[in-house]
Amino acid sequence: MYDRTMDAVQFLSRAGSLVGDPSRAAMLWSLLGGEARPASELAMLANISPQTASNHLRLLIDARFLRVESLGRNKFYRLNGPLVGVALESLAAAAHGKPAQGGIAQHSAPELVFARTCYDHLAGELGVAIRHRLEETDCLRPEGGEYRISSSGEKFFRGLGVDVDSARARRRRFAYACLDWSHRVPHLGGALGAALLDWLLHARCLTPRKGTRAVRLTDVGQKRLAQHFAIRLNRTGTAIAH
């Protein structure tokens, strides 16, 4: 037991030192949308030289925070799975420790605060509003930090065209409360959250904003959110449920 505890302490200490470097943190944060970026772009985002970026990337790969993929002569880096993305978002939320009205939300781009990707699921005010509505209508039932889908929820998701069976068959957590760093309350994470985001994108409710994790709500999306989730935007662009 003592050995396992010491191992955990060492792993946590190492992870903290890796994320604690501002340059590495900037590169990791830029990959939270699930995209892959070349080393040159990551160096630019972190405001460091390509050689320095290369050293940082090697450390992050060794620690299994990142994985690298080759495409022709180029190498692209991405997070090593959803667990890394969730850990980074959760750490940012836990470290912030303030209500959404102050601090980090004020200093973030408004489009990120409103709607963004959290690795492969929807986060931000819109993600929180959808999760709240799914609970309110008894489609999702909280059980600890996880969610269980009800029979009415199964029917609702299937009616949208969300492949619940495929989401459930994936080798990862099905549905859980992922703490939103900008609002300090959960949005829907897991395979179900990823499947819902896929539907929102394919149904053209949301469109990615180039070069950022923010996603834009389309006119079609506003209509479908009102139709399926009873979520409307007020005059300030805030998502409200009816």
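The values are calculated or read from the model by the stated rules, or taken from the named source; none is laboratory data. Given the structure is predicted, the values throughout are model-derived calculations rather than measurements. Here the Cβ is made from the backbone with ideal geometry for all residues, glycine too, and neighbour counts use every protein chain on show.
When the residues of the stretch 94-118 are filtered to those that are assigned to a helix (DSSP H, G or I) and out of contact with any His (no Cβ under 9 Å at 6 or more places or on another chain), which remaining residue is modelled with the highest pLDDT?
Kept after step one, since they are assigned to a helix (DSSP H, G or I), are these residues of the stretch 94-118: 94-96, 103-105, 110-114.
Narrowing further to those that are out of contact with any His (no Cβ under 9 Å at 6 or more places or on another chain): 94-96, 110-112, 114.
Working: ALA94: 71, ALA95: 69, HIS96: 60, PRO110: 80, GLU111: 84, LEU112: 84, PHE114: 92.
Residue satisfying both the conditions and the ranking: PHE114.
Listed here are the residues, each with its yes/no results for (1) surrounded by fewer than 19 Cβ atoms within 10 Å (Cβ to Cβ); (2) under 30 Å from THR207 (Cα atoms).
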site	(1), (2)
LEU42	no, yes
GLN51	yes, no
SER54	yes, no
ASN74	yes, yes
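Checking the structure you have, find out if any residue of the stretch 176-185 is modelled with pLDDT of 95 or more and in contact with a Lys or Arg (Cβ under 9 Å, 6 or more places away or on another chain).
No; the residues of the stretch 176-185 include none that is modelled with pLDDT of 95 or more and in contact with a Lys or Arg (Cβ under 9 Å, 6 or more places away or on another chain).
Restricting attention to the stretch 23-38, does a residue exist that is touching a His at 6+ places or on another chain (Cβ under 7 Å), modelled with pLDDT of 85 or more, not hydrophobic (A, V, I, L, M, F, W, C) and not assigned by TED's automatic domain parsing to the domain that holds GLY190? It would help to see each step written out before you state the result.
Going through the stretch 23-38, the residues touching a His at 6+ places or on another chain (Cβ under 7 Å) turn out to be 23-24, 27.
Filter once more, keeping what is modelled with pLDDT of 85 or more: 23-24, 27.
Still in the running and not hydrophobic (A, V, I, L, M, F, W, C): 23-24.
Cutting the leftovers down to not assigned by TED's automatic domain parsing to the domain that holds GLY190 gives us 23-24.
Yes, some residue in the stretch 23-38 is touching a His at 6+ places or on another chain (Cβ under 7 Å), modelled with pLDDT of 85 or more, not hydrophobic (A, V, I, L, M, F, W, C) and not assigned by TED's automatic domain parsing to the domain that holds GLY190.
Do we find a residue being out of contact with any helix residue (DSSP H, G or I) (no Cβ under 6 Å at 6 or more places or on another chain) and more than 28 Å from ALA194 (Cβ to Cβ) anywhere in the stretch 73-95?
yes
Taking only the stretch 76-97 into account, find how many residues are crowded, with 16+ Cβ neighbours inside 10 Å and more than 19 Å from GLY190 (Cα to Cα).
3
Quick check on the stretch 27-43. Is at least one of its residues out of contact with any Cys (no Cβ under 8 Å at 6 or more places or on another chain) and part of a strand (DSSP E or B)? Outline the logic, then answer.
Residues of the stretch 27-43 that are out of contact with any Cys (no Cβ under 8 Å at 6 or more places or on another chain), as a first pass: 27-31, 33-43.
Applying the additional criterion that residues be part of a strand (DSSP E or B) yields 37-38.
Yes, the conditions are met somewhere in the stretch 27-43.
With the checklist (1) within 23 Å of the chain's Cα centre (by Cα); (2) in a loop (DSSP other than H, G, I, E, B) in hand, flag the one item ILE48 doesn't pass.
The failed condition is (1).
Need at least 2 residues that are in contact with a strand residue (DSSP E or B) (Cβ under 8 Å, 6 or more places away or on another chain) and within 23 Å of ALA94 (Cα to Cα) per element, so show me which strands (runs of 3 or more DSSP E) inside the stretch 119-234 make the cut, counting only ones lying wholly within it. It would help to see each step written out before you state the result.
On the way: elements: 121-123, 140-143, 146-149, 176-179, 186-189, 206-208, 215-217, 231-233.
Ranges flagged: 121-123, 146-149, 176-179, 186-189.
Which of the following residues is in contact (Cβ under 8 Å) with a residue 12 or more places away in the chain and either over 21 Å from VAL86 (Cβ atoms) or among the basic types (Lys, Arg) (or both): LEU192, LEU225, LEU179, LEU196?
On the way: LEU192 fails: either over 21 Å from VAL86 (Cβ atoms) or among the basic types (Lys, Arg) (or both); LEU179 fails: either over 21 Å from VAL86 (Cβ atoms) or among the basic types (Lys, Arg) (or both); LEU196 fails: either over 21 Å from VAL86 (Cβ atoms) or among the basic types (Lys, Arg) (or both).
Going through LEU192, LEU225, LEU179, LEU196 in turn, just one is in contact (Cβ under 8 Å) with a residue 12 or more places away in the chain and either over 21 Å from VAL86 (Cβ atoms) or among the basic types (Lys, Arg) (or both): LEU225.
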